[in-house]
Structure formats: structure tokens, C-alpha cells
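Just below is one structure, and these are the notes that go with it.
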Amino acid sequence: MKTVTKSLIVFLLLIVTGCSTTRIVSSWKNPVATTPSFNKILVVGLMSETNRVLREKMENHLVADLRSRGYDASCSCEEFGPKIFEHLSENEAIDKIRNSGYDAVLTIVLLDKTKERYYQPGRVYYSPYVVYQHRFWGYYTTIYDRVYTPGYYQTNTKYFWESNLYELNNNKELLYSVQTESFDPASASSMADEYGKLIVGDLVKNDILNTPTPVKTF
């Protein structure tokens with residue numbers, strides 16, 4: 001009951017306030033890594049084949065937000081196809097990426113997807129019946145209306161995401177990791193749009209990536 005009530009409150013708050021359905025749960029920055037300057041970033045989605053459309057949307061929106069900040073970025077689904085590393089060793093996979101000009105990889109992983117279903121009664125408020133209790137018919141019709149007003153089942157969906165940024169130049173180490181939660185998004189496109197802006201904004205806020213120097217044109 002507590003879980004149902006909590007989910008209902010969150011759901012109603014999202015509707016009323018119109019706030020984002022995606023939030024950062026936790027993030028981490030490598031404390032010993034210096035802020036690098038990358039030439040090109042590859043965005044790689046790791047999801048099952050059944051989520052191929054969602055993967056493409058998540059990759060494309062994250063790439064678009066990186067590009068809007070001035071970074072040179074591309075998505076793996078367009079650059080290499082859905083099975084980018086199939087049958088490749090670690091060295092072969094890294095060489096494949098670096099030979100295409102990339103020196104960093106930003107992953108998007110769907111850690112979990114859960115659905116929560118609960119019954120929403122037709123009447124949810126309470127008021128005392130003392131006014132109607134002294135006459136049977138007044139009491140009966142009041143209770144009948146509240147008992148037999150049809151309700152409905154509500155299903156909410158939660159997505160749990162993780163993104164990691166790896167550099168490929170020196171130690172091939174992890175520079176940044178972030179986990180997020182998306183609550184009942186309106187569509188895959190809206191979730192991808194929110195996710196891209198949130199992650200890129202957090203990367204910039206935490207100085208994970210250098211701000212690109214604009215190329216001068218004459």
C-alpha cells in the first residue's frame with residue numbers, strides 16, 4: 001500500500017508541476033583523472049534487440065546534445081550498426097573505434113525496466129456518513145454510489161539507466177559514471193530528449209569534458 005501511495009503521489013506531482021520525468025540518482029567522477037580534451041566521441045547504446053528503436057533514439061538525442069555544446073560526436077547505430085563489437089576481441093574493438101577517429105566512448109545502458117500496476121478507485125475521498133445514517137435510504141444510496149463507482153488500473157513504467165565515459169588514448173580508463181531513473185515518460189522520444197540534456201549538462205557542470213574551442217572562420 002505504501003508503494004502504491006508513493007507512486008501515485010509522484011505521478012500526480014509530475015502531472016501538476018510538469019517537471020522532468022528523468023532524474024540523476026547518483027554520479028561519480030574519477031578523482032585522479034585530468035579533464036581531457038577529446039577530438040571525437042562515440043555514443044554506444046547497450047540494449048537488447050527488442051529495444052533497438054529505443055537505443056537509436058537514446059543515442060541520437062545524446063549525440064545531438066553533445067554537438068549542440070560543440071563536441072564532435074556520432075552514434076554507433078549509424079556509424080557501425082547495431083552489432084558493433086560482435087565476435088571482436090578487446091583490442092580489435094578498441095582499434096576499430098580509434099581507427100575511425102574516436103578517442104572517447106560514452107555508453108548508454110538500460111539497467112532495468114519495471115512496470116508497477118495498481119488499482120485506482122473511482123472515489124478516493126472520505127467524508128463521514130453521520131448525516132445519512134439516521135435514514136436507511138440516504139445511507140444506502142450514498143454508500144452504493146461510492147462502492148459501485150467504477151475504478152481503473154494504472155500502470156507506471158520506470159527505466160533505470162547508466163552512462164559511462166571512457167577515454168581511449170592512454171589508460172582506457174573510466175572517467176565518469178552516472179545512474180538515472182526515468183519515471184513513466186510520455187514517449188521514448190521525450191525520454192531520450194530529457195536524458196541527453198541531463199547527461200550532457202552534468203558532464204559540463206562537473207568539468208568532465210573541456211568546453212570545445214569554437215573553430216574560427218574567415
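Read-outs: derived from the displayed coordinates by stated rules, not from any lab. What you see is a predicted model; the values in this text were computed from it and never measured. Positions of Cβ are backbone-derived with ideal geometry, glycine not excepted, and every protein chain shown enters the neighbour counts.
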Item to check | Model label zone, residue 69; criterion: amide N under 18 Å from point 7 Å along Cα-to-beta-carbon; scope the range 175-207 | outcome: 175-181, 192-207
Checklist entry - Could you put 202, 112 in order, starting from the residue whose Cβ has the fewest other Cβ atoms within 10 Å? => result 112, 202
Next on the checklist: Around residue 168, under 12 Å between beta carbons, what's the net of Lys plus Arg minus Asp minus Glu among the other residues?
Outcome noted: -1
Next on the checklist: Using Cβ contacts closer than 10 Å as the measure, can you line up 175, 88, 203 from fewest to most?
Outcome noted: 88, 175, 203
Checklist outcome for this item: Most exposed first, judged by fewest Cβ atoms within 10 angstrom, 85, 38 run 85, 38
Checklist entry - Using 0.36 nm per residue, how much length does the chain from residue 111 to residue 187 gain when fully extended, once their Cα-Cα distance is taken away? => result 25.5 nm
